Amino acid sequence: VTKPNAAIMTGQLAAGWAPSAPYDAIVLQGAVAAVPDGLFQQLTDGGRLIAVVRPTAATGQAVLFTKHGAAISKRPLFDASTPVLPGFESQGGFRF
């Protein structure tokens, strides 16, 4: 008997899918202004998350995040441009 190692779920993207966590890897197939902490919490120790982080309208950067206990390290990989995923838009901030 084989156990599937990948699944497709529907729901709020930014919330991830906590009922099946922890995950060894999470891939966000689109840009995000920032990765929500809840997704990092769903990784195993040593787990990886990859996303295009685009905090402004400028070009984003593909980033590999790795969880080490309670700490998250990040390694920029390359510049990238892709649409922002629904629910991952910048919440805005202080402006003049």
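Filter the stretch 77-94 for residues that are open to solvent by 80 Å² or more (accessible area, probe 1.4 Å) and either touching a residue at least 12 places away in the same chain (Cβ under 8 Å) or small (Gly, Ala, Ser) (or both) and give the result. Show your work before the answer.
We begin by selecting, within the stretch 77-94, every residue open to solvent by 80 Å² or more (accessible area, probe 1.4 Å); these are 78-79, 81, 83, 86, 89, 91, 94.
Answer for the stretch 77-94, where residues must be open to solvent by 80 Å² or more (accessible area, probe 1.4 Å) and either touching a residue at least 12 places away in the same chain (Cβ under 8 Å) or small (Gly, Ala, Ser) (or both): Phe78, Asp79, Ser81, Pro83, Pro86, Glu89, Gln91.
Which residue is most open to solvent (accessible area, probe 1.4 Å), if the candidates are limited to the stretch 9-31 and must be polar (S, T, N, Q) and outside any loop (DSSP other than H, G, I, E, B)? Break it down into steps so the answer makes sense when it comes.
Restricting attention to the stretch 9-31, the residues satisfying the condition of being polar (S, T, N, Q) are 10, 12, 20, 29.
Going one step further and asking which of them are outside any loop (DSSP other than H, G, I, E, B), we end up with 20, 29.
Numbers: Ser20: 61, Gln29: 166 Å².
The selected residue is Gln29.
May I ask you to verify whether Ala18 is at pLDDT below 95 and either among the acidic types (Asp, Glu) or touching a helix residue (DSSP H, G or I) at 6+ places or on another chain (Cβ under 8 Å) (or both)? Quick ask: steps written out before the conclusion?
Numbers: at pLDDT below 95: yes; either among the acidic types (Asp, Glu) or touching a helix residue (DSSP H, G or I) at 6+ places or on another chain (Cβ under 8 Å) (or both): yes.
Here the answer is yes, as Ala18 does meet what is asked.
Against the definition (modelled with pLDDT under 90 and over 12 Å from the mean Cα position of the chain (by Cα)), how does Gly69 come out, yes or no?
no
Within the stretch 68-89, can you find the residues that are of a type in the set (Ser, Thr, Tyr) and part of a strand (DSSP E or B)?
The answer is Ser73, and nothing else.
Taking Ala34 as the residue in question, decide whether it is at pLDDT 90 or above and either touching a Ser or Thr at 6+ places or on another chain (Cβ under 7 Å) or part of a loop (DSSP other than H, G, I, E, B) (or both).
Against the criterion (at pLDDT 90 or above and either touching a Ser or Thr at 6+ places or on another chain (Cβ under 7 Å) or part of a loop (DSSP other than H, G, I, E, B) (or both)), Ala34 qualifies.
Within 15 Å of Ser90 (Cα to Cα) and within 13 Å of the chain's Cα centre (by Cα): which single residue out of Ala33, Ala15, Ala57, Ala25 fits that description?
Values: Ala15 fails: within 15 Å of Ser90 (Cα to Cα); Ala57 fails: within 13 Å of the chain's Cα centre (by Cα); Ala25 fails: within 15 Å of Ser90 (Cα to Cα).
Checking each option against the conditions leaves just Ala33.
Taking the stretch 37-60 on its own, how many of its residues are surrounded by 10 or more Cβ atoms within 10 Å (Cβ to Cβ) and either assigned to a loop (DSSP other than H, G, I, E, B) or acidic (Asp, Glu) (or both)?
Adding up the residues that qualify gives 5.
The values are calculated or read from the model by the stated rules, or taken from the named source; none is laboratory data. Because the structure is predicted, anything quoted here is derived from the model rather than measured. With ideal geometry, Cβ positions are generated from the backbone for all residues, glycine too; neighbour counts draw on all protein chains shown. Quick note on the areas: whole protein, heavy atoms, side chains included, nothing else; ligands and nucleic acids left out. Shrake-Rupley method; radii C 1.70, N 1.55, O 1.52, S 1.80 Å.
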